[in-house]
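First comes the structure, then the notes that go with it.
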Amino acid sequence: MEILLSRLPARLWRGFVDLVTPSLCLSCSAPVGEPASLCVTCWGKLKPIEEPVCDALGTPFAYDQGEGALSAAALADPPPWDRSRAAVLFEDEAAKLVHALKYRDRPEAGLLMARMMARAGRRLMAQADLIVPVPLHRYRLWKRRFNQSALLAQRVSQLSGTPWRHDVLVRARATRAQVGLDEAARRKNVRNAFAVCADRLASVAGKSVVLVDDVRTTGATAEACAVALRKAGARQVNLLTFALVQLPSKPHI
Ligand SMILES: [Zn+2]
C-alpha cells in the first residue's frame, strides 16, 4: 500500500490529502476551498491598506498626493528607513492571522500574509537586492520554535524572486520584550540592539535592502534594524510589514 501511494502522481496525492484534511479558514476554522486562505466573512473583516500612502510611513492618505509624497508625521520625524509599506491595518482579524502564525502553529498563515505583503510592497520589491528579516532573540526563538519574520521574508522572497538572508542582522545584546512598553521605552530598549554580522557586510554594502517584520507598532525595533543596516553601508533601506498599528498621531507644535 505504501509503495502504491508513493507512486501516485503529486497532483493526485495532493487531491487525496485535501479530501481527507479539508482546508480550514486561518481565522475561524470554517471549511474553505483553498489552503492558506480565509473564509469570505473573515476576509471581509481585514482592513487592507491601499495606495495612496505616505511613502516613508506607509500610512494611508485620504487622497492621492503624487508619487513619493510624505505625510506631516514623516516630515516632522523622518524614520531611518527610506520607504515603507504594510499590507493591512492591525485590527482584530489581522491580529488573529499574526497569532495563527506566531503561536498556533499554522505556518501556512505566512503564505497568505506574504502574498498580501508582496502585493503591498511591489514598488519596494522592484528596487530590492536583498530581503532581511528582523531577528528574534535566541531564547524567544527556542520558545516559539521559529522566527515568524524569517518565515515571512522567505515567502516574500519566493514570491518576488529577490534573495533573502536570515543571518544578516544579529542581536548585539539581549533586550526585553517590547509588549507593555511605551514608545520612548521601546526605543531605549532596542537602541544599538542590532548589528550586521561582520561576515555579511559585503552582502549589504551599496545594496537596496528590504527589512521584513510581521507587525509595526511604534517602529522602534525596525528603526534600530534600519540604523544597523545603514551603518553597514546599505544604499537604501525599505520596510515591509504585514500589519501596521495606527497610533494616535503626535501633536506637532
Ligand atoms: Zn473565517
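Values in this text are rule-based calculations from the coordinates and carry no lab data. Note that the structure is a prediction, hence the values are computed from the model and not measured. Note that each Cβ is placed from the backbone with ideal geometry, even for glycine, and that neighbours are counted across all protein chains shown.
Each of 126, 66, 80 was scored by the projection of its Cα onto the charge dipole of the stretch 48-244, and the greatest displacement toward the positive side belongs to 80; charges sit on the C-beta of Lys, Arg, Asp and Glu. Amide H to amide H, with H built 1.01 Å from N, residue 131 comes under 5 Å of 164, 165, 210, counting only residues 5 or more places away or on other chains.
Take every Cα pair under 8 Å whose residues are at least 6 apart in sequence, average their separation, divide by the length of the stretch 48-244, and the relative contact order is 25 percent. The distance between label points at residue 158 and residue 245 comes to 2.9 nm (points 7 Å beyond Cα on the Cα→Cβ vector).
Using a simple spin-label model with pseudo-atoms 7 Å out from Cα toward Cβ, residue 95 and residue 129 lie 4.0 nm apart.
The antiparallel fraction among DSSP beta bridges confined to the stretch 48-244 stands at about 20%. A simple packing score, the average count of other Cβ atoms within 10 Å per residue, orders the peptides 88-100, 72-84 as 88-100, 72-84, with the highest score first. Once R0 is set to 35 Å, what does the formula 1/(1 + (r/R0)^6) return for the Cβ-Cβ distance between residue 51 and residue 177, expressed as a FRET efficiency to the nearest 0.05? Computed FRET efficiency for residue 51 and residue 177 comes out at 0.60.
Net length available on complete extension from residue 23 to residue 108 is 29.5 nm, with 0.36 nm assigned per residue and the Cα-Cα distance removed. A protection proxy built from the mean count of other Cβ atoms within 10 Å ranks the segments 50-60, 111-121, most packed first, as 111-121, 50-60.
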